[in-house]
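Take a look at the structure set out below.
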Amino acid sequence: MALVAPSLLACNFLKLEEECKMVNESEADWFHLDVMDGRFVPNISFGIPIIEHVRKIATKTCDVHLMIEEPGSLVPAFKKAGADQITVHIEVCPNLHRNIQQIKELGMLAGVAINPHTPVSSLSDIIADLHQVIVMSVNPGFGGQKFIPHTLEKIRQLRKLIDERGLNVLIEIDGGVTLENAAEIMSAGADVLVAGNTVFSAPDPVDVISQLKRMARAR
Ligand code: DX5
Ligand code: ZN
């Protein structure tokens, strides 16, 4: 059954504790935490101190998505802050295998994210070392963008690659996930739905999470 990972990027940071408790008490599976550096992506979000605070109350997996250059120098600090799993972007990691080994040696699960223009084939020689792949369905940097339809084809290609090799890698889809497109995304082969605005801009976020989980069960 597909997992649901609300992205705190879209939460009300004045009520961070309440928002985290809402996720704890909901049917959500993971906390998705978006870190941006203003260099790899044209925006800055939050970093280590916020993740430390979230970790204190989060009762679920903290899934850290690093949209930053040279992630290797900060991976130990994110581990210390409480990350359970870290995903780095292939576009900024010339020594990607080393980055993945570092994350795993620190006792975390490792993932690679690919931007909308990055082909699935670029994962061919790293996929067997991964726990998750984030397929970006928007250009990274901002919440609330529109899902890029071509991404569905990328999910299918990745599903095929993973299944053909008999691997156990999760396909996480990130950006523009809504109640309207979630079913199609899951039928394409996604295992994890990241959802920012769809969850946190809703009048009843807990209910939206339940609706996504209900669709996942019906998959
Ligand atoms: C975008 C981030 C996403 C973002 C998704 O760069 O990686 O995780 O929070 O937000 P929505 O679901 O609003 O598109
Ligand atoms: Zn993300």
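Which condition number does A113 fail, the rest of (1) out of contact with any Pro (no Cβ under 8 Å at 6 or more places or on another chain); (2) touching a residue at least 60 places away in the same chain (Cβ under 8 Å); (3) not polar (S, T, N, Q) being met?
(1) is the only condition that A113 fails.
Specify which of the listed residues (F200, F147, F142) is under 30 Å from N95 (Cβ atoms), of a type in the set (F, W, Y) and either within 15 Å of ligand 1 (Cβ to nearest atom) or modelled with pLDDT of 95 or more (or both).
Checking each option against the conditions leaves just F142.
Cβ-Cβ below 9 Å, separation at least six or inter-chain, first residue in the range 163-184 and within 16 Å of G143 (Cα to Cα), second small (G, A, S) and assigned to a helix (DSSP H, G or I): which pairs?
From the range 163-184, the pairs are I173/A188.
Working only within the range 188-216, note down all residues that are small (G, A, S), farther than 13 Å from E19 by Cα, touching a Ser or Thr at 6+ places or on another chain (Cβ under 9 Å) and within 16 Å of ligand 2 (Cβ to nearest atom).
A195 - this is the single residue of the range 188-216 that is small (G, A, S), farther than 13 Å from E19 by Cα, touching a Ser or Thr at 6+ places or on another chain (Cβ under 9 Å) and within 16 Å of ligand 2 (Cβ to nearest atom).
May I ask you to say which residue of I162, I148, I185 is within 16 Å of ligand 2 (Cβ to nearest atom), of a type outside the set (G, A, S), surrounded by 13 or more Cβ atoms within 10 Å (Cβ to Cβ) and assigned to a helix (DSSP H, G or I)?
The unique qualifying residue is I185.
The values are calculated or read from the model by the stated rules, or taken from the named source; none is laboratory data. The shown structure was predicted, so the numbers you read here are calculated from the model rather than taken from an experiment. Heads up, the Cβs are rebuilt from the backbone with ideal geometry, glycines too, and the neighbour counts pull from every protein chain shown.
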